[in-house]
């Protein structure tokens, strides 16, 4: 029958087994299966190279509520500096 519901099956087969506490490797994972030197933070230099994080002094950071506000202020300064160079060169 299509769409028939099976009854009377073993309900215990749907239960999940007990899980380890997470502090030890599963039985199927063996230390020799991994490379000799497991590197912690292996890709940290790539992340660091691809980002540009600037730490602001607390008094300066309090003047800007969001990173967008900082970017807007800096872009205005860059535009003003560019205009000053252009007008000075005339």
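List of remarks:
- More than 16 angstrom apart: percent of Cα pairs within the range 41-90: 62 percent
- Annotation: the residues 46, 55, sorted from fewest to most other C-beta atoms within 10 Å of their own C-beta, follow the order 55, 46.
Values quoted throughout were computed directly from the atomic coordinates according to the rules given, and no laboratory measurement underlies them. Since the structure is predicted, the reported quantities are computational estimates derived from the model, not experimental observations. Because the Cβ atoms are built from the backbone with ideal geometry, glycine has one as well, and the counts that use them run over all protein chains shown.
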